[in-house]
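Working notes, beginning with the structure itself.
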Amino acid sequence: MNLKLRLTILSFLQFGVWGAYLTSMGNYLGSVGLGSKIGLFYAMQGIVSIFMPAIMGIIADRWIQAQKLLGISHFLAAIFLIWAGYYGMSAGGNVEFSKLFLLYSLSVTFYMPTIALSNSVAYTVLVNNNYDTIKAFPPIRTLGTVGFICAMLFVNFAGIQDGNLKFNFSNETSFPSFQHSYSQFFVSGILGILLFFYSFTLPSCEVNKSTEKRTLFDALGLKAFALFKEKKMAIFFIFSMFLGVSLQITNGYANPFITSFKEIPEYANTWGSNNANALISLSQVSETLCILLIPFFLKRYGIKKVMLMAMFAWFLRFGLFGLGNPGGGVWMFVLSMIVYGIAFDFFNVSGSLFVDKETDKSIRSSAQGVFMMMTNGFGATIGMLGAQEVVNHYVFSQTDPVLQLQGWQTSWYIFAGYALIVTILFALIFKHKHNPAEISEVKH
């Protein structure tokens with residue numbers, strides 16, 4: 001099979017696993033009385049990302065081939081998530097926070113490092129076969145977003161009715177869509193098992209077997225953390241954390257927010273309020289298209305301007321959520337979904353490529369782990385815990401649907417204000433001289 005096609009399948013499954021529940025889990029949690037705990041579930045992804053990607057990166061650099069470690073991690077993540085789905089099924093409406101949270105936490109402990117690992121596998125395989133990562137990786141990563149979209153749409157439109165798998169594309173409010181139930185965990189788990197088997201068919205990513213004498217610091221792969229000694233890299237990682245604050249907020253709260261319009265008679269029968277996951281999937285469609293723009297934008301404008309575009313896009317993402325509705329204002333929701341592609345890709349993918357370019361081959365997996373730690377680790381944890389406080393205060397403290405809706409709007413404006421402040425500070429502090437020739441270099 002064509003090498004890039006094999007990596008494309010890897011990317012498709014990698015993000016399909018996540019897309020099956022990431023944007024819809026908040027709805028399920030709300031349906032079983034855990035709406036006020038949504039932030040904790042999403043923050044757990046960040047907490048484990050503080051240390052697990054770095055640890056797994058070190059293991060992949062030194063001891064276990066990255067593609068094998070990727071498969072093992074997916075297997076463990078899938079088992080725990082399927083277990084969480086089984087618990088949700090058996091508990092019905094009496095789900096205990098502690099039990100569901102424990103199983104979910106164990107699952108994401110092993111899933112979150114696979115994002116950096118899958119990047120590392122792709123980069124290593126491409127470089128070993130003399131491909132230019134700047135040109136070759138974005139199209140491969142694009143199919144990852146397609147996998148995410150396919151999983152989202154399946155979970156939105158599929159459901160078990162009268163004991164059979166059925167699909168509903170209308171505004172039928174009584175349809176038992178997977179996006180509102182524990183079944184989304186089963187979908188993700190099955191995809192994870194498939195990826196476990198597939199990972200072992202990928203080309204080998206050799207570990208560093210050099211016999212030269214190393215200190216314990218080097219042997220553990222901790223050299224990657226020395227990147228903080230470089231002013232430019234330290235500032236980049238710190239702002240990656242600040243921007244990482246925004247990463248999971250809409251994943252956790254966009255679906256419950258849009259679905260809440262069903263409680264307002266004016267919007268109860270709108271397609272958007274009944275198919276929130278499908279509406280949100282437009283974000284991933286935008287992401288798919290924007291990934292393809294990254295080589296051009298990086299070469300023409302450089303990492304600083306590309307990151308600034310991402311930061312300002314987050315400001316628009318949140319602000320448009322606060323202004324829109326699934327009725328006459330649905331165009332604002334759609335526009336918010338469109339700018340998400342710039343917000344996410346121009347930061348996540350470009351940042352990953354930047355780290356790959358700026359680090360030595362011997363610590364590449366570890367460096368990707370550090371980047372993941374700062375963004376989806378510290379940043380996302382702080383962001384979701386902070387967002388939970390904001391949403392609980394302005395939304396879930398209210399019982400009247402109209403007051404809750406006003407609370408949602410206030411919350412989105414607060415998030416938008418934060419994104420704008422980060423944008424301004426980054427523009428003033430981060431210094432990077434753009435050299436288009438470096439972006440054009442082919443890695444060997």
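For the range 370-428, the normalised intensity computed at q = 0.20, 0.30 Å⁻¹ comes to -0.81, -1.11 (log10 of I(q)/I(0), Debye sum over alpha carbons, equal scatterers, no solvent). The share of accessible area on the chain that comes from carbon and sulfur is 66 percent, using a 1.4 angstrom probe. Taking only Cα atoms and a 10 Å spring cutoff, compute GNM fluctuations for the chain and point out the largest among GLN388, GLN184, GLN161. Among GLN388, GLN184, GLN161, the largest mean-square fluctuation in the Gaussian network model of the chain belongs to GLN161.
Give, to the nearest whole percent, the P(r) tail of the range 1-144 beyond 18 angstrom, counting all Cα pairs.
60
Label separation (LYS361 vs ILE190): 4.2 nm, computed from points 7 Å beyond Cα along the C-beta direction.
Note the full-extension length gain between MET89 and LEU335 as 0.36 nm times their separation in residues minus their Cα-Cα distance, in nm to one decimal.
Roughly 84.9 nm would be gained on extension.
Only the Cβ atoms of Lys and Arg (+1) and of Asp and Glu (-1) were treated as charged; on that basis the dipole of the chain about its Cα centre amounts to roughly 1340 debye.
Across the alpha-carbon atoms of the range 115-205, the computed radius of gyration and Dmax are 17.7, 54 angstrom.
Distance from the C-alpha centroid of the range 16-49 to that of the range 270-330: 21 Å, rounded to the whole angstrom. Placing unit charges on the Cβ atoms only, positive for Lys and Arg and negative for Asp and Glu, gives the range 302-428 a dipole magnitude near 320 debye about its Cα centre. FRET efficiency for the pair LEU323 and PHE169, taken as 1/(1 + (r/R0)^6) with r the Cβ-Cβ distance and R0 = 22 Å, rounds to 0.20. Max-minus-min Cα coordinates of the range 264-405 on each principal axis give 58, 31, 22 Å, with the largest extent listed first. Both numbers refer to the Cα atoms of the chain; Rg and Dmax are 21.1, 71 Å. Among ILE235, ILE58, ILE382, the largest mean-square fluctuation in a Gaussian network model of the chain, built with springs joining Cα atoms closer than 10 Å, belongs to ILE235. Extending 7 Å from Cα along the Cβ direction at THR410 and again at ASP132 yields two label points whose distance is 5.2 nm. Calculated FRET efficiency, TYR301 to GLU263, Cβ-Cβ distance, R0 = 51 Å: about 0.70 to the nearest 0.05. What's log10 of I(q)/I(0) for the range 235-312 at q = 0.16, 0.17, 0.21, 0.26 Å⁻¹, Debye sum over Cα points only, no solvent? Cα-only, vacuum Debye calculation for the range 235-312: -0.77, -0.82, -0.99, -1.19.
Under a point-charge model restricted to the Cβ atoms of Lys and Arg (+1) and Asp and Glu (-1), what is the dipole moment magnitude of the range 1-135 relative to its Cα centre, in debye to the nearest 20? Let's see the in-between values first.
Numbers: 7 positive and 3 negative charges, 36 e Å.
For this selection, approximately 180 debye.
Heavy atoms of the protein chains alone define the surface here; on that basis the chain has 39 Å² accessible area per residue at 1.4 Å probe size.
Ordering TYR104, TYR87, TYR394 by accessible surface, largest first, gives TYR394, TYR87, TYR104; the 1.4 Å probe counts only protein heavy atoms, with every chain in place.
Suppose only helical runs count, i.e. DSSP H with n ≥ 4. What mean residue ellipticity at 222 nm does that imply for the chain under -39500 (n - 2.57) per run, divided by all residues and rounded to the nearest 500 deg cm²/dmol? If you can, show how the numbers build up before the last one.
Values: 18 runs with 312 residues, N = 444.
Only helices count here, giving -23500 deg cm²/dmol.
The values are calculated or read from the model by the stated rules, or taken from the named source; none is laboratory data. From a predicted model like this one, the values you see are computed outputs, not experimental measurements. Backbone-built Cβ (ideal geometry, glycine too); neighbour counts: all protein chains shown. Heavy atoms of the whole protein, side chains included, go into the accessibility calculation; ligands, DNA and RNA do not. Shrake-Rupley method; radii C 1.70, N 1.55, O 1.52, S 1.80 Å.
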